[in-house]
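To keep things clear, I will list the structure first and then write my remarks on it.
The values are calculated or read from the model by the stated rules, or taken from the named source; none is laboratory data. Note that this is a predicted model, so its numbers are computed, not measured. Cβ coordinates were reconstructed from backbone atoms using ideal geometry, including for glycine residues, and neighbour counts include every protein chain displayed. Surface accessibility is based on the protein's heavy atoms, side chains included, excluding ligands, DNA and RNA. Shrake-Rupley method; radii C 1.70, N 1.55, O 1.52, S 1.80 Å.
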Amino acid sequence: MKYILYFVILIMTNQAIAGDSLYLKVHFLYGSRPKAAYKDTEAKWFGGKLGGHVGIEADSTQILSFVPTGKHHAFAKNKTPKSAFVIHKPQSFYAILGGNGSNVKKAIIYIPISDILKLKMDSISAAYRQESPYDYAIFGMRCGAAAYDILAQLGILPEYSIHKTYKKIFYPKKLRKRLFRLADKNHWFVYTEPGSNTRKWETN
């Protein structure tokens, strides 16, 4: 019943916010690790409390995110990239690290955009889904840096070189903190959920 109520509230919130305006919705799944009492029933996640995931929704329920394909590299090998930009539905996006995605800690930042920026986002999404522009690497581009790269191309964040981008945005929290500051400054709507009490979640 709790989850049914959540989805009803989320749908109503989306409809109320969207209206006739255009928004990018930046989705953050927080990193976590099992609490001691639940270590036998809760799975460990890649990155633990400094992990998590981030994706960008430009069209309803279509979340674009950067993922590894096969065994990823420690350092980027752009001649043999093991990466892809893929589209998730919200439930599969939030379940990407484990579980069913319904009881995870999350934040969704609504960024208002123009028609021109929407078209540019669509163009970037189409190009990146057809061919990933960089390799997925532990010490290289991962989901946080990739999301930053897109937002920078749209003029929402300052542009950096690829090397500087992944050094500055080593994991999703680095991007999330920047967007939270912009949301506070620009009065953007932010939707949050606390997540299950069986895990220790990273802070904002």
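Would you confirm whether or not region 180-187 contains a residue that is within 16 Å of the chain's Cα centre (by Cα), surrounded by 15 or more Cβ atoms within 10 Å (Cβ to Cβ) and closer than 22 Å to Val67 by Cβ? No - not one qualifying residue is present in region 180-187. Taking residues in region 96-122 that are more than 20 Å from Arg176 (Cα to Cα), and partners anywhere that are in a loop (DSSP other than H, G, I, E, B) and modelled with pLDDT of 95 or more, the pairs with Cβ atoms closer than 8 Å and at least 6 places apart or on different chains are Leu117/Leu154; Leu117/Gly155; Lys120/Leu154. The requirement of being assigned to a strand (DSSP E or B) and either basic (Lys, Arg) or touching a Leu at 6+ places or on another chain (Cβ under 7 Å) (or both) is not satisfied by Lys49.
Of the residues making up region 139-147, none is among the aromatic types (Phe, Trp, Tyr) and open to solvent by less than 50 Å² (accessible area, probe 1.4 Å).
When you scan region 56-74, do you find a residue that is closer than 16 Å to Tyr166 by Cα, among the aromatic types (Phe, Trp, Tyr) and crowded, with 16+ Cβ neighbours inside 10 Å, even just one?
So far as region 56-74 goes, yes, one or more of its residues are closer than 16 Å to Tyr166 by Cα, among the aromatic types (Phe, Trp, Tyr) and crowded, with 16+ Cβ neighbours inside 10 Å.
Each row is one residue, and each column tells you yes or no for (1) open to solvent by 70 Å² or more (accessible area, probe 1.4 Å); (2) at pLDDT 95 or above; (3) more than 13 Å from the chain's Cα centre (by Cα); (4) among the hydroxyl-bearing types (Ser, Thr, Tyr).
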{"residue": "Ser92", "(1), (2), (3), (4)": "no, yes, no, yes"}
{"residue": "Gly101", "(1), (2), (3), (4)": "no, no, yes, no"}
{"residue": "Lys164", "(1), (2), (3), (4)": "yes, yes, yes, no"}
{"residue": "Phe170", "(1), (2), (3), (4)": "yes, no, yes, no"}
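For region 110-125, the criterion of being in a loop (DSSP other than H, G, I, E, B), surrounded by 14 or more Cβ atoms within 10 Å (Cβ to Cβ) and among the polar types (S, T, N, Q) is satisfied by no residue at all.
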